[in-house]
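The structure appears below as structure tokens.
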């Protein structure tokens, strides 16, 4: 089970909805069919697969249910800068409180049509997870485990 072939290991910490925290490595695909470059944690979390593998420091592996993941935190992956996408992105500061009381304050990047650029539009998007940046950490937050969000802008 330890042979993940051509996946890229990324150090991450996963907090489940019951408060259990698993530090280890998630496995990302080297390529995705819809753009150049490797899979991101958000791509992996939003795939329809109900489980993801997490390898611990000692080599043991777990399969975690994505529906039970409240937050996956890691350093943001190195990706090629897409100047065109960044030029249309809007950045918003949010205060996010999870169902268990954990809270985060950070920035989200909205890439939505001009008529749908509110924080509410972003939160109501069809994806299961969203990314909130706090300093040098990216938090991939499961919308199903969010209690309340307050825009800070």
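The values are calculated or read from the model by the stated rules, or taken from the named source; none is laboratory data. What you are looking at is a predicted structure, and each value in this text was computed from that prediction instead of being measured. Cβ atoms come from the backbone with ideal geometry, glycine included; neighbour counts cover every protein chain shown.
Considering each residue of segment 116-131, count those that are assigned to a loop (DSSP other than H, G, I, E, B) and buried (at least 18 other Cβ atoms within 10 Å of the Cβ), and give that number.
To start, the set of residues in segment 116-131 that are assigned to a loop (DSSP other than H, G, I, E, B) comprises 116-118, 124-128.
In the following step, the residues that additionally are buried (at least 18 other Cβ atoms within 10 Å of the Cβ) were identified as 128.
Looking only at that region, the number is 1.
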Sole exception among (1) outside the structural domain of residue 142 (by TED's automatic domain parsing); (2) at pLDDT 95 or above; (3) in contact with a strand residue (DSSP E or B) (Cβ under 7 Å, 6 or more places away or on another chain) for residue 97, by number: (1)
Residue hits (segment 135-153; surrounded by 13 or more Cβ atoms within 10 Å (Cβ to Cβ) and either out of contact with any helix residue (DSSP H, G or I) (no Cβ under 8 Å at 6 or more places or on another chain) or touching a residue at least 40 places away in the same chain (Cβ under 8 Å) (or both)) are 137, 138, 139, 140, 141, 142, 144, 145, 146, 149, 151
Scan segment 132-153 and tell me whether some residue there is under 18 Å from residue 16 (Cα atoms), out of contact with any strand residue (DSSP E or B) (no Cβ under 7 Å at 6 or more places or on another chain) and outside any helix (DSSP H, G or I). no
